[in-house]
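Everything below concerns the one structure shown next.
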Amino acid sequence: MESVATAGGRPWLRGGDAVLAAGLVMVAVQLVWKAGLVNRTYFRQDDFMFLARGLENGFTWDYLMRVDYGHLMPGAFAIHWALGRLGGHNDVLAHVLTLGLQAAAGLALLRLLRVLFGPRPAILVPLGFALVTPMTISGLSWWAVVAETLPFQIALPMALASHVLCVRTGRLRHAVAAAAWTASGMVFFVKAPFIPILAFVLTVGWLGGWHGARRLLRVWALYLAVLVPYAVLFLHQLLTTVQLTRQTSTISLPSAEVAAKSVWTLLTGSLIPTSLGGPWRWQPIGEDYALAATPAPLMWASLAVAVAAVAVSVRLRRRAWLAWATLLGYFLLADVAPIMLGRIELLGPDLSGYELRYLSSTAVVVAIVIGLAFLPVAGEPRPWLRPAGPLRLAWAPLAAVVAVSSVWSVAAYADRPLGRNVKSYVETAEAALALVPAGTVVLDAYVPEKVAFPLFFYDYARHSKVVDPAARHHVTWTRRLAGPMTAPRMFDARGRLRPLRLTGTTIPTGTACRPVGGTEVRFPIPDPPAGGEQVVQISYLNGEATTLEVRMGLARTSVPAGANLGITYATLDGGAPELALRTVGGGTTCVGEIRVGVPAADETAAAVPPQPVER
């Protein structure tokens, strides 16, 4: 281990091993702590879409290079592709990967702090911040966010550590390593192009100034060789990828009022409070996720503490202002700008402003900035503007309060079902598909919103995509009830399969069936539906197969009706006070009971399985 001197000239070789050991213990302890939360999570929302897409596609360029609403993440898509083939909804493997990536991120940050500041005990403060901050917790509970951001949280400190070594030693191999780590970050996350910008600011501010930066022309050229092709590829894919809306992405800016409110909310309601142990209170989004809901008094208190901390550091530490300016610039460019260009109009300033997954990767940058604002960089000449005096130990009680608040906030986030109910629904539905006979007709309706929002994921929110993406179960999926069917089934609210029934009205036809031929026969509907998609269930008795034309108002469709006794279904859009039937192509059918309504699982019938799968 190299001896690194502090500003006062004292060697830090002695105790370096103890600091490293303490850092390793801190990383391990936070893994044990977070494992309790991670193990209670399950796949949610777009996780099911990504897993289904991975199973639908080969490991191709088009699959990997799809831009999903502004996110180019071939590395994450590669993980989804592999995970789907290693057991489908294998949450145990996802948890292992999550904790492994989290461990690697902690170790990468520890390495950067040791390289940048030396193995002094004070580096454990920014490390501890990154390990306990609630800023990362909501992202850690969402697999799609984990697969995208945690590899970036590894790449960023590893790239910067290699860059620092390159500046200090002049060895090109460190620059190559920094560029390689930057490229690996780009494979997973669109914020990775900001790594060279952070490296440039670090060089100008603390590692040699403008003169030192000019000596690294080969290094900056190497970074450009990575950044330029990525930028060209990203813009091309962004503007050509067809989204689930059947449209390509467009770049638009919100109004100044919306933009300002979003920036202020994200800064004062999310970034600053979570940097100080908040948000202390959460706003649930369903059962398995939550947004920050910082109480207004605590928001203003956090802002006051943050201003005081910045003022103290600027008064004591040379170039502390540059550290905070770097954080603000990163926040505006890496965190705010992507939201402004894509999602703000959809989500609104309040929802996006309290969404911590947009900030989860910023925790690493905050930790680095805390170090730069309060600690001398190894070998830095004249790091202090004036002696700290009584403020020398002021950080200790503040750090203790932040740590306790962070634990409190994380515990408050974990005080909800998380993935338990979604996992029960999905595993119950998978068990139901395995138990029913092959060929069973199952209505491919949308899953409950707690599993996946149809408004966002369209067909990927249907049961066939969520619970049977690999088509392992030999059932017959149908999206519209049309034609003769024997005992179609539907999922109930707990994920069990039950016989399907129509909730609506029954058209009485008398004690005997009513003949219907080529001339239209009209049946008054006792309680006419107001509109929307309606299903008509027709019981019939045929001497031979025929075709029935079904009309409700201006909507009409034709469905087959088989020979003998049976039931056929027709689905139409609209409502009317009467239903009209006639046969097409000759023949006569005798119509019995007619039902009009919307499909629902029959809660009075036997369920498969009898009880939901509970975890």
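The values are calculated or read from the model by the stated rules, or taken from the named source; none is laboratory data. All values derive from a computational prediction rather than experimental measurement. Note that we place each Cβ from the backbone using ideal geometry, even for glycine, and neighbour counts take in every protein chain shown. The area values use the complete protein model at the heavy-atom level, side chains included, leaving out ligands, DNA and RNA. Shrake-Rupley method; radii C 1.70, N 1.55, O 1.52, S 1.80 Å.
Scan the stretch 29-61 for residues that are open to solvent by less than 50 Å² (accessible area, probe 1.4 Å), free of Cβ contacts under 8 Å to residues at least 60 places away in the same chain and part of a helix (DSSP H, G or I) and the total you get is 1.
Are any residues in the stretch 144-188 of a type in the set (F, W, Y) and over 20 Å from the mean Cα position of the chain (by Cα), and if so, which ones? Hit for the stretch 144-188 is W181, nothing else.
F200 - would you say it is touching a residue at least 12 places away in the same chain (Cβ under 8 Å) and buried (at least 22 other Cβ atoms within 10 Å of the Cβ)? Considered against the rule, which asks whether it is touching a residue at least 12 places away in the same chain (Cβ under 8 Å) and buried (at least 22 other Cβ atoms within 10 Å of the Cβ), F200 comes out as no.
So, A213, is that one open to solvent by less than 40 Å² (accessible area, probe 1.4 Å) and in contact (Cβ under 8 Å) with a residue 24 or more places away in the chain or not? Please lay out each step first, then the result.
Numbers: open to solvent by less than 40 Å² (accessible area, probe 1.4 Å): yes; in contact (Cβ under 8 Å) with a residue 24 or more places away in the chain: no.
Considered against the rule, which asks whether it is open to solvent by less than 40 Å² (accessible area, probe 1.4 Å) and in contact (Cβ under 8 Å) with a residue 24 or more places away in the chain, A213 comes out as no.
Screening G286 against (1) touching a Lys or Arg at 6+ places or on another chain (Cβ under 6 Å); (2) buried (at least 18 other Cβ atoms within 10 Å of the Cβ) leaves a single unmet condition, (2). Filtering the stretch 447-482 to residues that are more than 29 Å from N542 (Cβ to Cβ), open to solvent by 20 Å² or more (accessible area, probe 1.4 Å) and among the charged types (D, E, K, R) leaves E449, K450, D459, R462, K465, R472.
Residue by residue, here is whether (1) open to solvent by 20 Å² or more (accessible area, probe 1.4 Å); (2) touching a Pro at 6+ places or on another chain (Cβ under 8 Å); (3) in contact (Cβ under 8 Å) with a residue 40 or more places away in the chain holds:
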site	(1), (2), (3)
A122	yes, no, yes
M158	yes, no, yes
G170	yes, no, no
S184	yes, yes, yes
V190	yes, yes, yes
R218	yes, no, yes
Y223	no, yes, yes
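Restricting attention to the stretch 483-519, report how many residues are in contact with a strand residue (DSSP E or B) (Cβ under 9 Å, 6 or more places away or on another chain), open to solvent by 60 Å² or more (accessible area, probe 1.4 Å) and part of a loop (DSSP other than H, G, I, E, B). I'd like the intermediate steps shown before the answer.
The initial filter retains those residues of the stretch 483-519 that are in contact with a strand residue (DSSP E or B) (Cβ under 9 Å, 6 or more places away or on another chain), namely 483-493, 496-509, 512-519.
In the following step, the residues that additionally are open to solvent by 60 Å² or more (accessible area, probe 1.4 Å) were identified as 484, 486-487, 493, 501, 504, 508, 512, 514-515, 519.
Next cut, part of a loop (DSSP other than H, G, I, E, B) only: 486-487, 493, 508, 512, 519.
Number of matching residues: 6.
Checking each residue in the stretch 394-440 for being at positive phi and within 20 Å of the chain's Cα centre (by Cα) picks out only L418. Considered as a group, the residues in the stretch 225-257 that are in contact (Cβ under 8 Å) with a residue 60 or more places away in the chain, open to solvent by 40 Å² or more (accessible area, probe 1.4 Å) and part of a helix (DSSP H, G or I) include one that is nearest to M340 (Cα to Cα), and that residue is F234. There is no residue in the stretch 189-206 that is over 23 Å from the mean Cα position of the chain (by Cα), in a loop (DSSP other than H, G, I, E, B) and closer than 17 Å to L116 by Cα.
Does the stretch 207-221 contain at least one residue that is farther than 13 Å from M186 by Cβ, in contact with a Phe, Trp or Tyr (Cβ under 8 Å, 6 or more places away or on another chain) and not in a helix (DSSP H, G or I)? Within the stretch 207-221 (the criterion being farther than 13 Å from M186 by Cβ, in contact with a Phe, Trp or Tyr (Cβ under 8 Å, 6 or more places away or on another chain) and not in a helix (DSSP H, G or I)), the answer is no, since none of the residues qualifies.
Of all residues in the stretch 62-79, exactly one satisfies the criterion of being open to solvent by 20 Å² or more (accessible area, probe 1.4 Å), outside any helix (DSSP H, G or I) and either free of Cβ contacts under 8 Å to residues at least 24 places away in the same chain or touching a Ser or Thr at 6+ places or on another chain (Cβ under 6 Å) (or both), namely R66.
Taken together, A104, A78, A108, A21 contain a single residue that is at pLDDT 95 or above, among the hydrophobic types (A, V, I, L, M, F, W, C) and closer than 30 Å to L316 by Cβ, which is A108. Residues to consider are V584, V559; find the one that is over 24 Å from R489 (Cβ atoms) and among the β-branched types (V, I, T). On inspection, the qualifying residue turns out to be V584.
Within the group A94, A108, which residue is touching a Ser or Thr at 6+ places or on another chain (Cβ under 9 Å), without any contact (Cβ under 8 Å) to a residue 60 or more places away in the chain, part of a helix (DSSP H, G or I) and at negative phi? Before the answer, list the steps.
Details: A108 fails: touching a Ser or Thr at 6+ places or on another chain (Cβ under 9 Å).
After applying the criteria, what remains is A94.
Annotation: of all residues in the stretch 404-446 being within 26 Å of L140 (Cα to Cα) and without any contact (Cβ under 8 Å) to a residue 60 or more places away in the chain, the one that is surrounded by the fewest Cβ atoms within 10 Å (Cβ to Cβ) is D415.
Just for the stretch 520-537: of the residues that are in a loop (DSSP other than H, G, I, E, B) and on the phi < 0 side of the Ramachandran plot, which one is least open to solvent (accessible area, probe 1.4 Å)? Give the steps one after another, and end with the answer.
The first filter runs over the stretch 520-537 and keeps only residues in a loop (DSSP other than H, G, I, E, B), leaving 520, 525-532.
Remaining after also requiring on the phi < 0 side of the Ramachandran plot: 520, 525-530.
On the way: E520: 60, I525: 10, P526: 73, D527: 108, P528: 68, P529: 27, A530: 115 Å².
Among those residues, the one meeting the criterion is I525.
Looking across the stretch 535-553, the residues that are under 46 Å from the mean Cα position of the chain (by Cα), over 11 Å from L581 (Cβ atoms) and modelled with pLDDT of 90 or more come down to V535, Q537.
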